[in-house]
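Report on one structure; see the data block that follows.
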Amino acid sequence: MSRKTENTGFVCINCGADVQALTNGSYRNHCPKCLYSLHVDNTPGDRSSHCRGMMRPVGIRYNGKKGWQIIHLCQKCDAEKVNRVAVDTIQPDNQRMISDLVN
Ligand SMILES: [Zn+2]
Ligand SMILES: [Zn+2]
């Protein structure tokens, strides 16, 4: 693989946070501070969606295999996607935002 576009940092379009790429081997696809995401993937990490809508965190669920996942709803096309909560990395997800989603 010569391209390294799959796991890169970005600037959050919701809160402006400077988000760095994950260091735990997974793909960063949401902001660790406000948990917003951007609709850029069809499958995680492929960056092949042309929607580019802002994805709002609407809930959280537990998957026996994958652990805690944030449910995102695209504000532009209504697509619903789940993203794993980022742990064991630099800039782990904001735990208070996560627990707000649980309640
Ligand atoms: Zn943010
Ligand atoms: Zn979308």
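Throughout, read-outs are computed from the coordinates displayed, never taken from laboratory work. Computed from a predicted model, the values in this text were never measured in an experiment. When we count neighbours, we look across all protein chains shown, and the Cβ atoms used for this are built from the backbone with ideal geometry, even at glycine.
Structure values in brief
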quantity: Shape call, the chain: gyration tensor on alpha carbons, a/c limit 1.5; calculated: rounded
quantity: Under 9 Å, Cβ to Cβ, from Phe10 - net charge with Lys/Arg +1 and Asp/Glu -1; calculated: 0
quantity: Placed amide H near Gly59: partners under 5 Å, 5+ positions off or other chain; calculated: Ile71
quantity: Where Cα atoms sit under 26 Å apart: lysine pairs in the chain separated by 8 or more or lying on different chains; calculated: 9
quantity: Leu38 long-range amide H proximity, modeled H, under 5 Å; calculated: Met55
